[in-house]
Each structure stands twice: as structure tokens, then as C-alpha cells.
Amino acid sequence: LAIILRQQSIDDYPLRQLQLKARRQKAQATLSKAERDLARTRITAPFSGRIAEVMVSRGDRVSRGGQLVNLYDASRLELRIQVPASFVPALQKAIDSHVEITAVTTDNGQPIDLVFHRLSALVEKGQGGVDAFFRATRGKLPALGITLAVWVNLPQIDNVVVISPDALYDRSRVYVVNEGTLESRQIKPVGELVD
């Protein structure tokens with residue numbers, strides 16, 4: 001009986017060997033899937049940048065294609081300035097004639113030099129002007145959403161006269177002395193000169 005059992009065990013060996021190989025292949029497939037799933041839990045950003053907002057917490061289940069963070073490239077950051085419509089022709093003329101327009105601002109006392117990059121092609125409803133976009137040439141722009149005071153150096157305008165703000169009345173009139181009497185003259189302000 002022992003010899004018969006031993007012979008059956010020997011005869012069944014190729015089948016058991018195939019079963020063990022199948023189990024090993026299944027275990028390897030399960031391991032490969034687990035390693036692939038583990039690799040997918042590590043998320044690599046497409047570029048180095050600042051995280052503006054995190055939408056998930058550790059341990060949250062996330063569906064494929066779900067948004068996890070808002071990320072922006074700090075080196076490609078632009079400053080958006082709303083330009084009154086009256087200054088848009090000067091900016092457009094500068095673009096057409098390839099004249100560089102610069103600006104300056106400060107953030108926490110640190111100066112930031114800017115250069116004009118482009119005008120927005122869209123005017124949003126309720127806006128009082130067109131958005132102009134500037135890039136930093138010196139200094140670092142602050143985080144998104146910060147409001148800054150910006151001084152833009154517009155191109156030189158010909159046939160204008162600099163008038164002291166004290167001499168202006170209602171932003172459209174000045175008084176000149178003509179033969180000993182004051183005469184009112186209408187003027188059209190074209191900007192401010194900051195020294």
C-alpha cells in the first residue's frame with residue numbers, strides 16, 4: 001500500500017508542479033499589480049512650482065483624473081494690471097512699434113522691476129479697462145492674489161506740457177494769464193509724471 005501511494009505521488013508530481021507554477025505566476029501577477037498601484041500613489045508634479053491649494057487629505061480615496069492640488073510655476077508668474085481704456089492706445093502703439101514699457105512695484109519693501117508682456121484680448125463684464133500683463137525682470141513676484149501699487153512708465157507723448165496738480169481745476173481746466181487777466185482754458189490730461 002505504501003509503494004502504491006508513493007507511486008501515485010510520483011505520477012501526480014507533474015500536475016502538482018503545474019499547479020505550483022500557476023500559483024507562483026498568480027502571486028507574481030498580484031505582486032506586479034500591487035507594485036504598480038504603489039507606484040501610482042506617488043504623484044510627481046509636471047514642473048517645480050508653488051502649491052496654491054490642496055484639495056485632498058492623507059488617506060483620501062481619489063478617483064482617476066481627480067484634482068489633488070492647484071500648482072503654478074512661479075517662474076512664469078505674471079502681474080495683471082487693469083489699465084484704463086484711455087491708456088490702451090499708447091500700449092498698443094508700443095506693442096506695434098516694439099517699444100519696451102517698464103513698470104516698478106514693491107513687495108515688503110523689496111523693489112520689483114517689471115516689463116510689459118501683453119494685453120488681454122478679453123474685457124470682462126464690469127471692468128473699467130483692459131488687463132495688461134507684466135513679467136518681473138528683477139525681484140520676485142509675491143504669491144497669487146496679492147494687490148500691489150504699480151507705477152507704469154508709458155511711452156513718451158509729444159506735444160504735452162507738464163502742469164503742477166495745484167494748477168488743475170476739475171481735472172480739465174487751467175487758468176492762464178493773458179494781458180493781465182486770468183482766462184480759463186480747457187485741457188485734456190494724458191497722464192501723471194512721477195519724479
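The distance separating the Cα centre of segment 36-78 from that of segment 92-137 comes to 30 Å.
Distance distribution P(r), segment 1-57, all Cα-Cα pairs, bin width 10 angstrom from 0: 17, 22, 18, 15, 12, 8, 7, 2 percent. Put a dot 7 Å past the Cα of A85, heading toward its Cβ, do the same for E179, and the two dots end up 4.2 nm apart.
Dividing the convex hull volume of the alpha carbon atoms of segment 148-195 by its residue count gives 113 Å³ per residue. Gain on full extension, evaluated as 0.36 nm per residue between K93 and I157 minus their Cα-Cα distance, stands at 21.9 nm. Relative contact order of the chain: 14 percent, from C-alpha pairs under 8 Å at least 6 residues apart in sequence. With all protein chains kept in place, the per residue accessible area of segment 125-195 amounts to 83 square angstrom at a probe of 1.4 angstrom. For segment 1-103, the list of GluC sites (Glu not before Pro) that fall in a loop by DSSP and count at most 16 other C-beta atoms within 10 angstrom reads E78, E100. Shown here for segment 30-131: trypsin sites (Lys or Arg not before Pro) in loop regions (DSSP other than H, G, I, E, B) with at most 16 other Cβ atoms within 10 Å, namely R42, R58, R61, R64, K125.
First obtain the Kirkwood hydrodynamic radius of the chain from its Cα pairs, then insert it into the Stokes-Einstein equation at 10 °C and 1.306 mPa s, and state the resulting D in µm² per second as a whole number. Translational diffusion coefficient: 65 µm²/s.
Could you please state how large a percent of the accessible area of segment 1-149 is carbon and sulfur, counting protein chains only and using a 1.4 Å probe?
On the way: 6420 of 11990 Å².
For segment 1-149, the apolar C and S fraction of the accessible surface comes to 54 percent.
The values are calculated or read from the model by the stated rules, or taken from the named source; none is laboratory data. If you're wondering where the values come from, they're calculated on a predicted model, not measured in any experiment. Cβ: placed from backbone, ideal geometry, glycine included. Neighbour counts: every protein chain shown. Areas reflect the complete protein model, heavy atoms only, side chains present, ligands, DNA and RNA absent. Shrake-Rupley method; radii C 1.70, N 1.55, O 1.52, S 1.80 Å.
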